[in-house]
Amino acid sequence: MAKIETLSAYKCTFSYLQRNNPLKEQLQEKIKEGLAPEYSFSDFIEDFSKATSDMAIGEHSERAILLPEENIYSRTTENGINKWRIVPYAGKQGKPFRVVKTSTGKKYDFASDGAALYQHNIFIYENEDSAIAVFHRQSGSGCKSVFLEVANKMLKEKGIKLDMELYIPFLPTDTNITPTKLQLQYVRNIESTDIAENVHRREKREVIQDLGLNLASQENRRIKDIICNLQMGKIDQKVAFARIKNECPNAENYNDAEIILRIGKRSQKVRWNDLDSVVGNYDITERLHKEFHQTKDFIKALTTLTDEYYDSIIAEENENAG
């Protein structure tokens, strides 16, 4: 089966930390005046590469990331837009794994102090007004979570943070992504009794209580509308979750959820915090495979389609602004 190839775009901004800012005294006037940090993506990429040159670990995302300096590709600046393609290595860490060499069948075992890292492509576009990062994903595999976690851990020392707002792509009229069931959950994080699984404070989830809601029923129409507004980018996940809880009696204890989506003819269960990996994906599978077949150059084909996607985002923003 061919891999599903998608792009996820995020509008990126730097801002001063409002809480737990280690440089609060030095920055208090700028914070008070609501000024933005004088910090560019060129600065960020250089700092991020230094911070991850020996690999950095995202404890909450349970992943590791590594960006060697030679994997930073500065592209030609056009029309005042600075462009980069960065290729970090990222993947699971804190768990034993095995690598099998397909040509010989030879097996290599690694303990839980190792990490299985794969190359990922991130395209960054920066102009005077904004910065957009586009993450390439293959069959759901990406590096956004650990990228953001490690970035903000690094930036905290400077008293600033990186905010990334998901861009919801315009979907063709024949695309059908329909929420059919919501499972509200009261979840408790527990530590495993297996010492090997507790490396880097790895946690498991225990569902204490749940509440299933059939979104096809008229009684739950308001909840379905809230989720649809979330899909369209009108509200964020925290606001949507709070509104859903307000619609349900005795729902104050629920702190997580799973949602079942009907996508075309198939159904997919998605964790609440992973919902953006579905609604924010721009599918390029068919076009990328066709482009690659013609050029025999995967990166060139991927870059062409990513540039087109960025141009469409800017065009749509300019149209809405007008």
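The values are calculated or read from the model by the stated rules, or taken from the named source; none is laboratory data. Fair warning: this is a prediction, and the values are worked out from it, not measured in the lab. Please note: Cβ atoms are built from the backbone with ideal geometry, for glycine as well, and neighbour counts cover all protein chains shown. Remember, those area values only see protein heavy atoms, side chains included, never the ligands or the DNA or RNA. Shrake-Rupley method; radii C 1.70, N 1.55, O 1.52, S 1.80 Å.
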Requested in this report: Take the chain, connect every pair of alpha-carbon atoms lying under 10 Å apart with a spring to form a Gaussian network, then pick out the residue of Ala301, Ala36, Ala151 with the largest mean-square fluctuation.
Outcome: Ala36
Query raised in the report: Ala242 versus Glu46, label points 7 Å from Cα toward the beta carbon: distance in nm?
Result: 4.0
Query - Exposure of Ser267 as accessible area (Å², to 10), given a probe of 1.4 Å and all protein chains - result: 90
Requested in this report: For n ≥ 4 DSSP H runs only, could you compute -39500 (n - 2.57) per run for the chain, divide by its residues and tell me the 222 nm figure to the nearest 500?
Outcome: -9000 deg cm²/dmol
Report summary line: For Cα extents along the principal axes in Å the list reads [x] 60, 56, 55; [y] 125, 74, 37; [z] 148, 52, 31; the calculated value is entry [x]
Query raised in the report: Under unit Cβ charges (Lys, Arg +1; Asp, Glu -1), what dipole magnitude, rounded to 20 debye, does the chain have relative to its Cα centre?
Result: 1260
Report summary line: FRET efficiency for Gln209 and Glu157 from the Cβ-Cβ distance with R0 = 45 Å, rounded to 0.05, comes out at 0.65
Report summary line: Under the 7 Å Cα-to-Cβ spin-label approximation, Arg271 and Lys234 lie apart by a distance in nanometres of 2.8
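Please give the contour-minus-distance gain from Thr104 to Ile299: 0.36 nm per residue of separation, less the Cα-Cα distance, rounded to one decimal in nm.
Extra length available between Thr104 and Ile299 comes to 67.3 nm.
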Query raised in the report: Share of Cα-Cα pairs in region 1-86 beyond 15 Å, in percent?
Result: 74
Query - Size of electric dipole in region 1-108: Cβ of Lys, Arg +1 and of Asp, Glu -1, about Cα centre, debye, nearest 20 - result: 860
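Exceeding 26 Å between C-alpha atoms, which entries from my cross-link table qualify? They are Lys24/Lys92; Lys3/Lys92; Lys50/Lys161; Lys83/Lys144; Lys161/Lys224; Lys153/Lys269.
Violating the 26 Å limit, Cα to Cα: Lys24/Lys92; Lys161/Lys224; Lys153/Lys269.
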